[in-house]
1. So which residues in segment 105-145 are among the β-branched types (Val, Ile, Thr), free of Cβ contacts under 8 Å to residues at least 40 places away in the same chain and more than 22 Å from Asn14 (Cα to Cα), if there are any at all?
2. Identify, by number, the condition in (1) crowded, with 16+ Cβ neighbours inside 10 Å; (2) within 19 Å of Ser134 (Cα to Cα); (3) in contact with a strand residue (DSSP E or B) (Cβ under 9 Å, 6 or more places away or on another chain); (4) free of Cβ contacts under 8 Å to residues at least 40 places away in the same chain that Pro87 doesn't meet.
3. Condition (residue is in a helix (DSSP H, G or I), out of contact with any helix residue (DSSP H, G or I) (no Cβ under 9 Å at 6 or more places or on another chain) and modelled with pLDDT of 95 or more) applied to segment 8-20: is it met by at least one residue?
4. Looking at Ser148, Ser102, which is the one that is touching a residue at least 60 places away in the same chain (Cβ under 8 Å) and either more than 22 Å from Phe55 (Cβ to Cβ) or in a helix (DSSP H, G or I) (or both)?
5. Go through (1) assigned to a loop (DSSP other than H, G, I, E, B); (2) exposed (fewer than 14 other Cβ atoms within 10 Å of the Cβ); (3) of a type outside the set (D, E, K, R) one by one and return the number of the condition Pro111 breaks.
6. When segment 1-39 is examined, which residues are found to be over 19 Å from the mean Cα position of the chain (by Cα) and among the basic types (Lys, Arg)?
7. Quick check on segment 78-92: of everything there that is hydrophobic (A, V, I, L, M, F, W, C) and assigned to a strand (DSSP E or B), which residue is farthest from Leu63 (Cα to Cα)?
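The values are calculated or read from the model by the stated rules, or taken from the named source; none is laboratory data. Being a predicted model, the structure only gives us computed values, none of them experimental. Positions of Cβ are generated from backbone atoms using ideal geometry, with glycine treated the same way; all protein chains shown enter the neighbour counts.
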Amino acid sequence: MENLWGDFKPTLINTPNSILDTSIKQLKTISNNFIYAELAQSHGNEIVNITSGRFYKFNFAFLIKSKYLENYSFKAFSIHYDLISYPLQLKIDETIKKSIRSQIMSLGKDPNQSQITISNENEFIAILKFILQSEKMKEIINTLYSISKENLTF
């Protein structure tokens with residue numbers, strides 16, 4: 001029988017999670033494993049897909065944690081998408097969002113919205129850079145790093 005798939009061969013794509021996994025590995029490296037990030041799957045009842053009227057299938061929180069403060073985590077943002085990754089919904093911590101307000105606007109996005117629609121991978125990477133390189137994120141990481149270093153002396 002004829003191959004109904006033609007010459008199709010699956011190829012790997014950069015999913016939002018694979019992009020975030022790279023950032024997670026980078027944070028561990030730059031903090032000497034004191035600070036790390038974690039993608040935690042959250043319940044699918046946070047944000048409704050406006051087009052379908054249903055909750056998103058994939059929902060993840062990006063948590064910043066410390067090796068020595070295992071019971072504490074800071075939720076920097078969450079992402080919400082369906083099987084086809086884009087557009088995705090990004091919900092940023094309010095303090096971080098305030099600190100990158102002008103950068104969000106430079107992408108043509110409204111920082112006053114509770115969630116931001118990200119249209120494609122390039123947009124996602126651009127806004128992640130704004131979030132991860134923000135002064136507020138640096139302050140959070142530096143505080144966790146300092147507390148972790150202090151705990152080592154006990």
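1. Taking segment 105-145 as the starting set, the residues that turn out to be among the β-branched types (Val, Ile, Thr) are 116-118, 125, 127, 131, 140-141, 143.
From what's left, free of Cβ contacts under 8 Å to residues at least 40 places away in the same chain: 116-118, 127, 143.
Matches in segment 105-145: Thr143 only.
2. So Pro87 meets the others, but not (2).
3. So the first thing to find is which residues in segment 8-20 are in a helix (DSSP H, G or I), and the list is 16-20.
When the remaining residues are screened for being out of contact with any helix residue (DSSP H, G or I) (no Cβ under 9 Å at 6 or more places or on another chain), the result is 17-18.
When the remaining residues are screened for being modelled with pLDDT of 95 or more, the result is 17-18.
Yes.
4. On the way: Ser102 fails: touching a residue at least 60 places away in the same chain (Cβ under 8 Å).
Only one candidate qualifies: Ser148.
5. Single failed check for Pro111: (2).
6. Lys9
7. The initial filter retains those residues of segment 78-92 that are hydrophobic (A, V, I, L, M, F, W, C), namely 79, 83-84, 88, 90, 92.
Those still in the list that are assigned to a strand (DSSP E or B) too: 79, 88, 90, 92.
Values: Ile79: 12, Leu88: 18, Leu90: 14, Ile92: 12 Å.
Top of the filtered list is Leu88.
Yes/no per residue for (1) in contact with a strand residue (DSSP E or B) (Cβ under 7 Å, 6 or more places away or on another chain); (2) within 12 Å of Phe77 (Cα to Cα); (3) assigned to a loop (DSSP other than H, G, I, E, B); (4) at pLDDT 95 or above:
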residue: Tyr36; (1), (2), (3), (4): yes, no, no, yes
residue: Glu46; (1), (2), (3), (4): yes, no, yes, no
residue: Ser52; (1), (2), (3), (4): no, no, yes, no
residue: Leu63; (1), (2), (3), (4): yes, yes, no, yes
